Amino acid sequence: MRRLIAVMMTLLLLTGCRGREPDELALVRVLGVDGRGDGRGPVTLTAVCGGDDQGDGSRGTCVGADFLSALDALPWANERSGAELALTSVSYLIVGRDADLETVLLAVLRDQELAGLSTVWLADDGAAALLAGTEDPAAALALLDRQGVEAPTAARALASLYHDGQVELPVLDVGENGMECRGVGSWR
């Protein structure tokens, strides 16, 4: 028995596991992606917490040579409280027109934290700019969803790209009344 306890303690120490208070995590609800990461510039990820289940509008950004290296730079620190931003609750994925959509969707589906059920939206003027201009993006996107604006999940978007050679995404912009859908855009 002592030997088992010693082995378990050693494994905990080697893996770096430590106790964590729930308030040390901020759950990301919206993740924005800008840039291709193909030598023409880096990829910038913009994370926004908050929404119906979390009142703070915590935000964080991360830059990498490509989408995967930006994700590898996790954990990000919340700009307000310093809490770690966790990607386990991403409901909305907003991509800028310059993002490599196929690479992003493949990475989302392969990542253990990100879910293939997050809906995918398009920001013609860039995800970071759209998110900066919206106080609570998760609530705004939830409202658009309730109003009947349909966005495909990451899994469906990738399937459409592979099967049809294109995917239809709702195009978002910041208007007088907050975040608005300007129609649907085709991504090839």
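Just to confirm, what accessible area per residue do you get for segment 96-172 at 1.4 Å probe, in whole Å²?
Per residue, segment 96-172 has 48 Å² of solvent-accessible surface.
When the alpha carbon coordinates of segment 77-188 are projected onto the principal axes, the ranges are 43, 35, 26 Å, largest first.
Summing +1 for each Lys or Arg and -1 for each Asp or Glu among the other residues whose beta-carbon sits under 13 angstrom from that of Val95 gives -4. Across the protein chains, with a 1.4 Å probe defining accessible surface, the residues Thr103, Thr46 rank Thr103, Thr46 from largest area downward. Taking Cβ atoms as reference points and 11 Å as the exclusive limit, the residues near Ala129 contribute a net charge of -4, counting Lys and Arg as +1 and Asp and Glu as -1. Test of understanding: what is the full-extension gain from Glu24 to Arg40, defined as 0.36 nm times their sequence separation minus their Cα-Cα distance? Separation in residues times 0.36 nm, less the Cα-Cα distance, equals 2.2 nm.
All other residues whose Cβ lies under 13 angstrom from that of Val149 are scored, Lys and Arg at +1 and Asp and Glu at -1, for a net of -3.
Annotation: extensible slack from Glu113 through Val63 equals 16.2 nm (criterion: 0.36 nm per residue apart, minus Cα-Cα distance). Each residue, Ala132 and Gln147, gets one label point 7 Å from its Cα in the Cβ direction; the gap between the two is 2.4 nm.
The values are calculated or read from the model by the stated rules, or taken from the named source; none is laboratory data. For clarity, every value in this text was computed on a predicted model and none was experimentally measured. As a convention, Cβ positions derive from the backbone with ideal geometry for all residues, glycine included, and neighbour counts pool all protein chains shown. Ligands, DNA and RNA are excluded from the accessible area calculation, which covers all protein heavy atoms including side chains. Shrake-Rupley method; radii C 1.70, N 1.55, O 1.52, S 1.80 Å.
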